[in-house]
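Novice: There's a structure below that I have some questions on.
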Amino acid sequence: MKFLITLSLGFVFGAVLISSEVFHWYRIQEMFHFDSFHMFGVLGSAIASATIFLWLIKRFKVKSISGNSIKPQAKKRRPFGNIMGGLLFGIGWGFTGACTAPIIILLGLKWKIGLLLLAGALCGTLIFAIIKPKLPE
Amino acid sequence: MSLLPWYIAGPLIGLIVPLLLILREKQLGVSSSFRYVGSFVLPKLSYFNYNRVKDAWQVQFALGILLSALVFYSLNLVSEPEIDTSLEYGAWALNIYALDNWWVFLFGGLVIGFGSRYADGCRAGHCIMGNSLLAGSSLVTTLGFFGGGLFVSHVVFPLIFVS
């Protein structure tokens, strides 16, 4: 059951990213050239609505279906990692027009390019794990 | 299918956040699924020697995303942007997914994988989840994402895609 819920939410997430063309290289370039409001609208309204939902959960002390209280945690600060990792990720985003979820979408839509992307991302993850002890946080 | 407008797409994405919290007690994120997979490849590294069960749900979530792509593809529902070819990047966009550009995607994938682990999150975990928690770490990371992307679009691409 839990598996089906997670799978369905992933399905909806993917369906929205495909229908709104957020996964596409052209849409991302359009955003970086400030030629269209579309991407800013999607991201901005996603963040705004999520902020409101989180506030409502907090305000009305909404519990999860298992009856536990919901206390989402902010990610730990890693001044160097956030900036350097963010910049590197942004470079990849600029190159491929994809971030993590769109990699998986491209795997389904254009599998050859998607496989290359996924292989690259997995290699990047392994390289990070290997040199992590030497990286400043 | 035609383009889903931003004012519908955005709130739907935002809605995933409370649904995941209420139904699964999880915070939206996708890129930790790579850490999960990596932990099977090089299990002896300290970064991969962790309680990976906590990230297993992200693989299920990713499978859902993949399933949506396969369904949209097979039912021919994929919405492709209307490309303005008078723009420089519009002309590039026409064939961007051709295999000739394999190195763009291999290199891009590499820095995405590395960067999202170093920054401890991607667009989903930082940009949407983290920013809606008003987290400083996520704001800084989001600025990094944009900085890197602007650099590639405005400085790198004009150098490498010389026509």
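Rule-based calculations on the coordinates, nothing more; no lab input. All of these numbers come straight from a predicted model, not from anything done at the bench. Cβ: placed from backbone, ideal geometry, glycine included. Neighbour counts: every protein chain shown.
Novice: Got a sec to turn the phi values of segment B:121-136 into Karplus ³J(HN,Hα) couplings, 6.51 cos²θ - 1.76 cosθ + 1.60 with θ = phi - 60°, whole Hz, x for Gly and Pro?
Specialist: x, 10, 4, 5, x, 8, 5, 8, 5, x, 5, 6, 8, 6, 8, x
Novice: Could you work out the relative contact order of segment A:1-79, using alpha carbon pairs under 8 angstrom and six or more residues apart, expressed as a whole percent?
Specialist: 10
Novice: Quick check: pseudo-label points 7 Å beyond the Cα along Cα→Cβ at B:L87 and B:D100, how many nm apart are they?
Specialist: The two pseudo-label positions are separated by 2.1 nm.
Novice: Between segment A:17-77 and segment B:18-38, how many Å separate their Cα centres?
Specialist: Here the answer is 14 Å between Cα centres.
Novice: Okay, next question. Size of the dipole of chain A about the Cα centre, Lys and Arg at +1 and Asp and Glu at -1 on the beta carbon, nothing else charged, in debye to 20?
Specialist: Value, rounded to 20: 820 debye.
Novice: List the pairs from A:K76/B:K54; A:K2/B:K44; A:K132/B:K26; A:K2/A:K61 whose alpha-carbon separation is above 19 Å, in the order I gave them.
Specialist: Checking Cα-Cα distances, A:K2/B:K44; A:K132/B:K26; A:K2/A:K61 exceed 19 Å.
Novice: Taking the Cα centre of segment B:1-142 as origin, work out the dipole magnitude from +1 charges on Lys and Arg Cβ and -1 charges on Asp and Glu Cβ, in debye rounded to 20.
Specialist: 820
Novice: If you don't mind, another one. So how tilted is helix B:102-118 from the main axis of chain B? Cα-based, degrees 0 to 90, rounded to 10.
Specialist: It is inclined by approximately 30 degrees.
Novice: Who wins for biggest fluctuation among A:A98, A:A48, A:A121 in a Gaussian network model of chain A, springs between alpha carbons below 10 Å?
Specialist: So, out of A:A98, A:A48, A:A121, the one fluctuating most is A:A48.
Novice: So for segment B:1-122, averaging the separation of alpha carbon pairs under 8 Å that are six or more residues apart and normalising by length, what relative contact order in percent results?
Specialist: Details: 60 pairs, mean separation 37.0, N = 122.
Averaging sequence separation for qualifying contacts and normalising by length gives 30 percent for segment B:1-122.
Novice: Read phi for every residue in segment B:9-22 and hand back ³J(HN,Hα) as whole Hz from Karplus 6.51 cos²θ - 1.76 cosθ + 1.60, θ = phi - 60°, with x for Gly and Pro.
Specialist: 4, x, x, 5, 5, x, 5, 4, 4, x, 5, 5, 5, 6
Novice: Let me ask something else. At 7 Å along Cα-to-Cβ for each site, give me the label-to-label distance between A:F3 and B:I160 in nm.
Specialist: Each label point is offset 7 Å from its Cα along the Cβ direction, giving 3.9 nm.
Novice: Compute the distance in nm between two label points, each set 7 Å from the Cα along the Cα-to-Cβ direction, one at A:N68 and one at A:F34.
Specialist: Reported label-point gap for A:N68 and A:F34 is 4.4 nm.
Novice: Can you work out the Karplus-derived ³J(HN,Hα) for every residue in segment B:56-61? Use 6.51 cos²θ - 1.76 cosθ + 1.60 with θ = phi - 60°, whole Hz, and x for glycine or proline.
Specialist: 4, 4, 5, 5, 4, 4
Novice: If you don't mind, there's one more thing I want to ask. Helix-only estimate, please: 222 nm mean residue ellipticity of chain B, summing -39500 (n - 2.57) across DSSP H runs of length 4 or more and dividing by its residues, to the nearest 500.
Specialist: -18000 deg cm²/dmol
Novice: Still on this model: Determine the relative contact order of chain A: mean sequence separation of Cα pairs under 8 Å and six or more apart, normalised by residue count, in whole percent.
Specialist: Computed over chain A, the figure is 26 percent.
Novice: Please state the charge dipole magnitude for the protein assembly as shown, taken about the Cα centre, from unit charges on C-beta atoms (+1 on K and R, -1 on D and E), reported in debye and rounded to the nearest 20.
Specialist: 1700
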